[in-house]
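Here is the structure we will look at, set down as structure tokens.
The values are calculated or read from the model by the stated rules, or taken from the named source; none is laboratory data. Note that the coordinates shown come from a computational prediction; the quantities given were computed from them, not determined experimentally. When we count neighbours, we look across all protein chains shown, and the Cβ atoms used for this are built from the backbone with ideal geometry, even at glycine. With ligands, DNA and RNA removed, areas are computed over all heavy atoms of the protein, side chains included. Shrake-Rupley method; radii C 1.70, N 1.55, O 1.52, S 1.80 Å.
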Amino acid sequence: MTGLTPEEEASYAETVAAAQAGRTVPLALGTPRRGKPPLHWADLDAGQRAEAIAELGLPKFRAGQLTRHLFDRLSDDPDAWTDIPKAERDLLAERFVPPLLDRVRDLSADAGTTVKTLWRLYDGSLVESVLMRYGVPGLRASGKGRERATVCISSQAGCGMACPFCATGQGGLQRNLSTAEILAQVMDAARRLRDGEVPGGPGRINNIVFMGMGEPMANYTAVLRAVRGIVAPAPEGLGISARGVTVSTVGLVPQIQRLTEEGLPVTLAVSLHAPDDELRDTLCPINTRWPVAEVVGAAHRYFEKTGRRVSIEYALIRDINDQGWRADALANLLTRYGWGWVHVNLIPLNPTPGSKWTASRREDEQEFVRRLEARGVPTTVRDTRGREIDGACGQLAATEEDRRLTPSS
Ligand code: SAH
């Protein structure tokens, strides 16, 4: 584990200062062109892997061996690949298994069952992922219900969508992550659970949510390849059910349509936050491009095609979007397409640096839920896991500002 360099500290202190000054960033649709991360085995499909092995003049079956070590055994240490001759291991590791994620720091909460990791990428970009284990017997801090584990991963360093209530959005976009950089976050979490590094004994990942930093639909190709790697059966992939994967989007309609055609039964989550264009234009600037009706229409088509119930994310912001009439408007908007295709996930607003907004009053939250349910819209209120380590929704900013907290390792 390494710390941040003084230059990195300075640059990220600047980002935090900007956010604290309430400066908001403009919407950025293009992706800044930065160098590409080094190529990794996880970036290649089966055909490209076979080709790469042939080019090196190695026996064909090395491809399968390497794949098994990386995805099935979660081992990126060539010394452990003992079924491959030493010289070939080193060659394979050097060509196809470059280090991608450098662990800067882990912060933990909830008796160790929530762990937020700050990663440094090859070019100095910082991203975060959060591992959350629930329902560990005997550990009240892990919550109720059946035992399960979720990892929340990042798809971009920063984000270009500029939502003013979200810490990531206020930091702007640095670059897209590669497929391997996305998968590496999942594989690290899977390895930790397997090795019993999270309280509750050895375990497995059940859910993967693309709800960390970035807009997954703005990095469509790499995200889709990562999803295919996650759901492919072992040893080619991680063998995690597509039903356990959630892709969350602020509403890039053309990419929602594309995902609809992929034939992958992942869960689609749409961050709506307002039922009316007037307010949504300010909360999610991308709404000026694809307004509420188009986003909800695309979400409903996703349900029709895949049969997967869509999740509508709605951060409740005090006196901004939490009025009773907005709950009614949201229910009308969704039930225009019928019942049973959608449910609403209300997220009490998590504090972010410099933001003037705060979470709704308890009674307004309850009234919002009541009105949605009265109109037949299933509604849940999301827990605020990881809030004290700035690991909850919208708090990932990949800065050193939370150094005051004690690292867990
Ligand atoms: N860009 C994607 C993925 C991010 S998911 C998307 O917008 O869906 C993160 C979720 O947390 C989104 O629903 C986002 O709108 C929400 N969020 C952002 N800031 C938040 C905050 N301060 N409090 C609560 N939720 C927030």
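Here is the list for region 119-168: trypsin sites (Lys or Arg not before Pro) lying in DSSP coil, each with at most 12 other C-beta atoms within 10 angstrom of its C-beta, are 144, 146. In this simple spin-label approximation, residue 373 and residue 361 carry label points 7 Å from Cα along the Cα→Cβ vector, and these lie 2.0 nm apart. Rounded to the nearest 0.05, what FRET efficiency do residue 336 and residue 262 give with R0 = 30 Å and r taken as the Cβ-Cβ distance? Could you check? Efficiency, rounded to the nearest 0.05: 0.70.
Residues 284, 393 ordered from highest to lowest accessible area at a 1.4 Å probe: 393, 284. Between 84, 205, 389, the GNM of the chain built on Cα springs shorter than 10 angstrom shows 84 fluctuating the most. Accessible surface calculations at 1.4 Å, restricted to protein heavy atoms, place the chain at 42 Å² per residue. Of the solvent-accessible surface of region 306-394, computed with a 1.4 Å probe over protein heavy atoms with every protein chain present, carbon and sulfur atoms account for 48 percent.
With each label modelled as a point 7 angstrom along the Cα→C-beta vector, the residue 141-residue 102 pair spans 3.0 nm. In plain terms, the chain from residue 36 to residue 50 could stretch by 2.8 nm, reckoned as 0.36 nm per residue minus the Cα-Cα distance. Taking only protein heavy atoms and a 1.4 Å probe, the accessible area of region 223-284 is 49% carbon and sulfur. Put a dot 7 Å past the Cα of residue 276, heading toward its Cβ, do the same for residue 329, and the two dots end up 0.3 nm apart.
As a ratio to 2.2 N^0.38 Å, the alpha-carbon radius of gyration computed for region 178-249 takes the value 1.10. Please work out the FRET efficiency for the pair residue 68 and residue 343, using the Cβ-Cβ distance as r and a Förster radius of 51 Å; give the result to the nearest 0.05. After rounding, the FRET efficiency stands at 0.85.
Of all the options 357, 41, 339, the one that moves most in a Gaussian network model of the chain with Cα springs shorter than 10 angstrom is 339. Each listed q (0.06, 0.07, 0.09 Å⁻¹) maps to a log10 I(q)/I(0) for the chain from the Debye sum over equal C-alpha point scatterers, namely -0.24, -0.33, -0.55. Within the assembled protein chains, the solvent-accessible surface assigned to residue 282 is about 80 Å², based on a 1.4 Å probe.
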